[in-house]
Amino acid sequence: MLNPKRIFPLLLLALALGIIGCSSQEYTTAKLAIQQSDWVKAAEWLPKAMAVEPDNPEIPIILGIEIYAQNKEWDKMNEMFDNAMSINSDKIVEVRNTFLPVKEVVKNYREHFWAESFNAGVEHYRKIQDDPDNRVTHLERAISEFKNAVLINPKDVQSHVTLAKSYFEAGDKETAITSVKEAVIMNPESYEANIAAGQIIARTGGSNFEVLPFIEKAVEINPSSSDALRELAGLYYDLDRKDESVSVFENAIANESDDEVKADLYFNLGVIHNQMANYEEAEKSFDEAFYLNDQDHEAALGMASSYEGLGDKYLNGSDGFEKDPGKASRWYRKAESKLKDVIEIDYDNKNQYERQLKLIRYKRDVAEGNN
């Protein structure tokens, strides 16, 4: 009769032999090398195992993680990941004592290695402020890590955009443009990629015509973005498409329900009207902005500027306005009153506003014949 105490160990041995038996001799050798941290041997035997077991997605994953990723050979790592996915993305594989489907392993490790590189780049970038004397060194290291992040996950828009901005900071304008355009190619429906492309191209001397398609696309993707709307309205204004500039904000306002966002849109509309010397319309826009956010000192300041502009028109009889010192004086007084509101809200900059207040009072005195 068999000894029960000996049956269980025999079963375990048989099970272990069965598992090992599922792997080729080449893969077994590679796994033992990995367990012993013999990476040279593992790098030799894993490709041999792939050749013997071409339908096993686990092997290219292991090769990608344990060999290519450790050597920062990101293109080869991605090649192995793609290979595994093409074999069977749903198959359960064992990686570092964890059993998961191929697609989850690929996703998890790609994100892991990406985060390591991207965060390292951010850390080097932060050191620029703490150690400005070594700015160039920190920036070069940041760029190196961001380049790795792009290689690890070529479809990640954040990596491309951050890399492009880093090149721009380093003064490499041509590479900055190339990098940010690649971000758009990889992610054509990304707001972040398009707005960054427009801004970088503009800051590197690109024409308004070159910038316009990217900003238009950014607004199409995110029609309530104040940054993109300001950029687009400014482009239309510079291209002498002033009516389109105004309509950009009017359409956005009509479709916006958030009061804080709507206040920003009204403020930007007021800025455009001011630039066009449409002071009455500017005043209405700034008034709406201030109504929606009575702590918006910039809106109040815009109103003061519009009132002053109307005063100037009546004082000088310009832009189709009949010269009327009395009306000019009234608008200057309204500008004074609104500027005092600004001072109450933004008291820290009182001196700056008081200089502007003196100018408005001087104009009022001229209108009233006191100067």
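Please give the helices (runs of 4 or more DSSP H) falling wholly within the range 173-280 in which 1 or more residues are among the charged types (D, E, K, R) and farther than 19 Å from Leu163 by Cβ. Ranges flagged: 208-221, 226-238, 242-254, 259-275.
The rows are residues; the columns are (1) buried (at least 17 other Cβ atoms within 10 Å of the Cβ); (2) under 18 Å from Gln158 (Cβ atoms).
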position	(1), (2)
Glu174	no, no
Val184	yes, yes
Ala193	yes, yes
Ala228	yes, yes
Glu244	no, no
Phe249	yes, no
Asn255	no, no
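Can you go through Asn293, Asn316, Asn351 and tell me which one is out of contact with any Cys (no Cβ under 6 Å at 6 or more places or on another chain), surrounded by 17 or more Cβ atoms within 10 Å (Cβ to Cβ) and of a type in the set (S, T, N, Q)? When all the criteria are applied, what remains is Asn293. Go through the residues of the range 96-110 one by one and say whether even a single one is surrounded by 14 or more Cβ atoms within 10 Å (Cβ to Cβ), β-branched (Val, Ile, Thr) and free of Cβ contacts under 8 Å to residues at least 40 places away in the same chain. Scanning the range 96-110, I find no residue that is surrounded by 14 or more Cβ atoms within 10 Å (Cβ to Cβ), β-branched (Val, Ile, Thr) and free of Cβ contacts under 8 Å to residues at least 40 places away in the same chain, so the answer is no.
So which residues in the range 238-292 are among the hydrophobic types (A, V, I, L, M, F, W, C) and touching a Phe, Trp or Tyr at 6+ places or on another chain (Cβ under 6 Å)?
Leu265, Leu269, Ala289
When the helices (runs of 4 or more DSSP H) confined to the range 29-137 are screened for residues that are among the polar types (S, T, N, Q) and closer than 23 Å to Leu163 by Cα, those reaching at least 1 such residues are found at 74-88, 102-130.
Quick check on Gly234: is it at pLDDT below 90, crowded, with 18+ Cβ neighbours inside 10 Å and touching a helix residue (DSSP H, G or I) at 6+ places or on another chain (Cβ under 9 Å)? Yes; evaluated as a whole, the condition is true for this residue.
The values are calculated or read from the model by the stated rules, or taken from the named source; none is laboratory data. This structure is a prediction, so every number in the text was calculated from the model and none was measured. All Cβ positions, even for glycine, are placed from backbone atoms using ideal geometry, and neighbour counts span all protein chains on display.
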